[in-house]
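Student: Below: one structure in structure tokens.
The values are calculated or read from the model by the stated rules, or taken from the named source; none is laboratory data. Quick caveat: nothing in here was measured; it's all calculated off a predicted structure. Cβ placement follows ideal geometry from the backbone for every residue including glycine, while neighbour counts extend to all protein chains displayed. These accessible areas exclude ligands, DNA and RNA; they are computed on the full protein's heavy atoms, side chains included. Shrake-Rupley method; radii C 1.70, N 1.55, O 1.52, S 1.80 Å.
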Amino acid sequence: MPFDDDPSISGDENLLRRIAASWIHWDENGNPNISSAAFKDEYLSVCLARDGRPPADAIRNYAGYGLAAITAAHARALNQRVARDPLPEEPAHTIVYGRKKRGGIVGALRDGASWIVFSSAGRTRTIGGGGFWRTSLESSWIPGPTQGTSFASCATLVHH
Amino acid sequence: MPDSETAELTLQERGILATAASAAYLDHFSKADRSGISVYQPVAVCRKRKYYSRGQEFLIEWQDYGQPLPAWFDPLVQGFVDLLTLPANWDSYGAGSVEPNLVQEAMNLMNNLLVPSSPVPRVVPLSSGGLQLEWHRKGIDLEIVFDRGEEPFFNSRNRVSGEEVEQALSGNDHLLRTIIGQLE
């Protein structure tokens, strides 16, 4: 379902996007960088920051998530449409609609994003043991000598 | 009688001795090389390594020649394992799990492309159930995208020159190796 651009959303309005820990890369200087993966959806869910509502309210019920913003103008400059899509649980829900995967669009969207709240999640890994299901990924890693740079052969990843 | 004929060797005599010694060494090394060829053969060995993610244990088994693991091996495999344990709705926008076949495909690509000195990519999930491998180094952004129902492709951008390349993976191994080499 394509969306038409809503001109009542002004260009300087912030569009808020929750950022999962898996999308945060901490660089060698300790700065949190957002992956372009956070902006790849054709129907990108965001919410409008307006009506005096504190932006951080968008992650009030999402512990461990960060919050980033792009402006509507930035999205439009990259051939995206910005349209309201209110949901019962989030009346300010908005969609940034348009193809993003190719042509450097998603990278440009990411470059225009700024942090509103960033979480320290993602700096640590969950380590544990056990589990209850088992599967395997059959791999056919090719022996090195005939493949130049191939590292290993016959790899199998088994989940206990 | 001159001193040079009693206490010292002449230049000519030195040359003769040096030549004889070199010949002896050459013969020695040659023998060593010949015996090495007949005795030493690389032996494939089975190896195992355990990884943990979100309370689950994974075992990776592979065959190689017992060489040291490259620096990228552990963080890369851990990144793949972490994708497989993502819970439903991990992005808070309704994402499902990452497709294991795409993880496998990405593992195979890395096995074929990376050399021991390669920098490790970040393994990043996509809300669509795909994944991407990312490097951001030396002014270059490189992303290799594996997504559901699409041909894998890569996008490379030089932040200094502004040059941007986007190509399908298929048929562009050489170009991709060149770009990864520039990241080292």
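Student: Quick one: which residue in B:Pro119, B:Pro100 is more than 7 Å from chain A (Cβ to nearest Cβ), surrounded by fewer than 18 Cβ atoms within 10 Å (Cβ to Cβ) and not acidic (Asp, Glu)?
Tutor: On the way: B:Pro100 fails: more than 7 Å from chain A (Cβ to nearest Cβ).
Every option except B:Pro119 fails the conditions.
Student: Just checking, which of B:Leu142, B:Leu109 is touching a His at 6+ places or on another chain (Cβ under 9 Å) and over 26 Å from A:Ile59 (Cβ atoms)?
Tutor: Working: B:Leu109 fails: touching a His at 6+ places or on another chain (Cβ under 9 Å).
Going through B:Leu142, B:Leu109 in turn, the sole match is B:Leu142.
Residue by residue, here is whether (1) closer than 27 Å to B:Val120 by Cβ; (2) touching a strand residue (DSSP E or B) at 6+ places or on another chain (Cβ under 8 Å) holds:
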residue	(1), (2)
A:Ile19	yes, yes
A:Cys47	no, yes
A:Ala56	no, yes
A:Arg60	no, no
A:Ile70	no, yes
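Student: On to the next question. Test each condition in (1) part of a helix (DSSP H, G or I); (2) at pLDDT 85 or above; (3) of a type in the set (Ser, Thr, Tyr) for B:Ser4 and report the one that comes out false.
Tutor: With (1) part of a helix (DSSP H, G or I); (2) at pLDDT 85 or above; (3) of a type in the set (Ser, Thr, Tyr) applied to B:Ser4, the lone miss is (2).
Student: Here's a follow-up. Scan the stretch B:50-64 residue by residue and report those that are facing another protein chain (nearest Cβ under 7 Å) and either of a type in the set (Phe, Trp, Tyr) or touching a helix residue (DSSP H, G or I) at 6+ places or on another chain (Cβ under 9 Å) (or both).
Tutor: Here is the first cut: in the stretch B:50-64, the residues facing another protein chain (nearest Cβ under 7 Å) are B:52-64.
B:Tyr52, B:Ser53, B:Arg54, B:Gln56, B:Phe58, B:Ile60, B:Trp62, B:Asp64 - these are the residues of the stretch B:50-64 that are facing another protein chain (nearest Cβ under 7 Å) and either of a type in the set (Phe, Trp, Tyr) or touching a helix residue (DSSP H, G or I) at 6+ places or on another chain (Cβ under 9 Å) (or both).
Student: Another question, if that's okay. Given the conditions (1) more than 8 Å from every other protein chain (Cβ to nearest Cβ); (2) more than 20 Å from B:Val81 (Cβ to Cβ); (3) modelled with pLDDT of 95 or more, and given that B:Lys138 satisfies all but one, which numbered condition is not satisfied?
Tutor: (3)
Student: Identify, by number, the condition in (1) touching a residue at least 40 places away in the same chain (Cβ under 8 Å); (2) farther than 27 Å from A:Tyr62 by Cα; (3) within 8 Å of chain A (Cβ to nearest Cβ) that B:Leu76 doesn't meet.
Tutor: (3)
Student: Which members of the stretch B:40-49 meet the condition of being more than 9 Å from every other protein chain (Cβ to nearest Cβ) and open to solvent by 100 Å² or more (accessible area, probe 1.4 Å)? Write out each step before concluding.
Tutor: Taking the stretch B:40-49 and keeping what is more than 9 Å from every other protein chain (Cβ to nearest Cβ), we get B:40-41, B:43, B:45, B:48-49.
B:Tyr40, B:Gln41, B:Lys48 - these are the residues of the stretch B:40-49 that are more than 9 Å from every other protein chain (Cβ to nearest Cβ) and open to solvent by 100 Å² or more (accessible area, probe 1.4 Å).
Student: Also, I was wondering about something else. Working only within the stretch B:122-140, note down all residues that are open to solvent by less than 10 Å² (accessible area, probe 1.4 Å) and either closer than 14 Å to A:Asn33 by Cα or hydrophobic (A, V, I, L, M, F, W, C) (or both). If you could, list the steps in order and put the result at the bottom.
Tutor: Taking the stretch B:122-140 first, the residues open to solvent by less than 10 Å² (accessible area, probe 1.4 Å) are B:124-126, B:129-135.
Correct list: B:Val124, B:Leu126, B:Leu131, B:Leu133, B:Glu134, B:Trp135.
Student: With the requirement that a residue be part of a loop (DSSP other than H, G, I, E, B) and without any contact (Cβ under 8 Å) to a residue 40 or more places away in the chain, what does the stretch B:88-107 give you?
Tutor: At the first step, the residues of the stretch B:88-107 found to be part of a loop (DSSP other than H, G, I, E, B) are B:88-99.
Those that are part of a loop (DSSP other than H, G, I, E, B) and without any contact (Cβ under 8 Å) to a residue 40 or more places away in the chain: B:Ala88, B:Asn89, B:Trp90, B:Asp91, B:Ser92, B:Tyr93, B:Gly94, B:Ala95, B:Gly96, B:Ser97, B:Val98.
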